[in-house]
């Protein structure tokens, strides 16, 4: 039995090495210009708009422009920006710095150092204020807290942070109305590319959901352990939690009271999840991980994806929106609003707008 396992591991390693060596023969062609097509309108001059949130007036998207996440891509800084839905224009977020009231006392931020945004979440707190949480990979691992304010336009005021450097390696975050959060710990910070590729086949547990409370206590929710936890969304009305397992090829709905699963949606490589309009919207990569390795040297990774509208009660499929993505990077988030589906990407210089009137 041991000999057989070693043989399988050897074969997989050789396959991975062969792909890495010859993968450029099937590399994806760069896009020519910033052009709409029959399935997607595109808006350019972004840097990997990986995650999105909607301002309370419904007129702007808050955009997390993703720098990088080791070991999958080089770790660099990113930025936060706003996209005017009416004017179709991008502007870099104006950020001011206040007191550390929503993070923890020993966490600070040098205003001269850029952020490294990844997953984001915006909620209206119990006190009526708008709180934005941002997973940041640069220069250290942290959750950064901002208040969204309207001062002759939307601005962000830094209100604190939670230092997780050396503890956890987060992907996405979801707030409750008290300012506590749930976050997906993907894997240990020294996770290698070879281990990631091996886990495409093995689907072993690499991480779990972490709950943080404002007394700086971290709780590891062991019942959520899975393969590369990615997008996360708290259903505050029902006290349920949706977790996407990117390498586990499934989304799971957990009852936070009973700690039991209420439903599972199985689909290749789920990324982010948004709860909106009474449904869960999960974006899935409809291609293999090895295919995405061919995207390394180009700006836009034009591989197919889908945004799947699911029931929040059991994650059963309601409707599926499939995209060939010929003029857009692979989708990581789909946010529905006013008849449109706004789509971000971890590997693209553009946002996309699809129509909710088209589905398969």
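The values are calculated or read from the model by the stated rules, or taken from the named source; none is laboratory data. All values reported here derive from a predicted model rather than from experimental measurement. Heads up, the Cβs are rebuilt from the backbone with ideal geometry, glycines too, and the neighbour counts pull from every protein chain shown.
Just one of the numbered conditions (1) within 19 Å of the chain's Cα centre (by Cα); (2) farther than 24 Å from residue 346 by Cα is not true of residue 123: (2). The criterion of being farther than 15 Å from residue 173 by Cβ and in contact (Cβ under 8 Å) with a residue 24 or more places away in the chain does not hold for residue 120. For the stretch 137-167, filtering for residues that are surrounded by fewer than 24 Cβ atoms within 10 Å (Cβ to Cβ) and not in a strand (DSSP E or B) leaves 11. Taking the stretch 74-90 as the search range and keeping residues that are free of Cβ contacts under 8 Å to residues at least 40 places away in the same chain and surrounded by fewer than 18 Cβ atoms within 10 Å (Cβ to Cβ), which one is nearest to residue 184 (Cα to Cα)? For the stretch 74-90, the residue satisfying everything is 74. Of all residues in the stretch 288-306, none are in contact with a helix residue (DSSP H, G or I) (Cβ under 8 Å, 6 or more places away or on another chain), at pLDDT 95 or above, part of a strand (DSSP E or B) and closer than 23 Å to residue 67 by Cβ. Checking every residue in the stretch 209-226 against the condition of being assigned to a loop (DSSP other than H, G, I, E, B) and under 18 Å from the mean Cα position of the chain (by Cα) gives zero matches. The set of residues from the stretch 336-351 being farther than 15 Å from residue 84 by Cβ and touching a strand residue (DSSP E or B) at 6+ places or on another chain (Cβ under 8 Å) comprises 336, 339, 341, 343, 344, 345, 346, 348, 349, 350.
Scanning the stretch 266-284 for residues that are surrounded by 17 or more Cβ atoms within 10 Å (Cβ to Cβ) and either farther than 20 Å from residue 173 by Cα or in contact with a helix residue (DSSP H, G or I) (Cβ under 6 Å, 6 or more places away or on another chain) (or both) gives a single hit, 267.
Matching residues to (1) under 15 Å from the mean Cα position of the chain (by Cα); (2) touching a residue at least 12 places away in the same chain (Cβ under 8 Å); (3) more than 20 Å from residue 234 (Cβ to Cβ):
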residue	(1), (2), (3)
100	no, yes, yes
138	no, yes, yes
151	no, no, yes
155	no, yes, yes
159	no, yes, no
170	yes, yes, no
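State which residue pairs qualify: first residue on the phi > 0 side of the Ramachandran plot and inside the stretch 276-305, second residue at pLDDT 95 or above and buried (at least 16 other Cβ atoms within 10 Å of the Cβ) in any location, beta carbons under 7 Å apart, and separation of 6 or more residues or different chains. Close Cβ pairs (under 7 Å, with a partner that is at pLDDT 95 or above and buried (at least 16 other Cβ atoms within 10 Å of the Cβ)) amount to 277/336; 278/312. Assess whether residue 241 counts as being part of a strand (DSSP E or B) and either touching a strand residue (DSSP E or B) at 6+ places or on another chain (Cβ under 9 Å) or at pLDDT 95 or above (or both). It is true that residue 241 is part of a strand (DSSP E or B) and either touching a strand residue (DSSP E or B) at 6+ places or on another chain (Cβ under 9 Å) or at pLDDT 95 or above (or both). Suppose we filter the stretch 26-41 for residues that are surrounded by 12 or more Cβ atoms within 10 Å (Cβ to Cβ) and either at pLDDT 90 or above or under 13 Å from residue 351 (Cα atoms) (or both); how many remain? Result for the stretch 26-41: 8.
When the test is whether a residue is within 15 Å of the chain's Cα centre (by Cα) and at pLDDT 95 or above, residue 180 does not pass it. The residues of the stretch 110-130 that are buried (at least 18 other Cβ atoms within 10 Å of the Cβ) and within 22 Å of residue 77 (Cα to Cα), listed by number, are 115, 116, 117, 118, 119, 120, 121, 122.
The residue of the stretch 298-316 that is surrounded by the fewest Cβ atoms within 10 Å (Cβ to Cβ), among those that are out of contact with any strand residue (DSSP E or B) (no Cβ under 6 Å at 6 or more places or on another chain) and farther than 14 Å from residue 241 by Cα, is 316.
All conditions in (1) surrounded by 22 or more Cβ atoms within 10 Å (Cβ to Cβ); (2) at pLDDT below 95 hold for residue 134, with the sole exception of (2).
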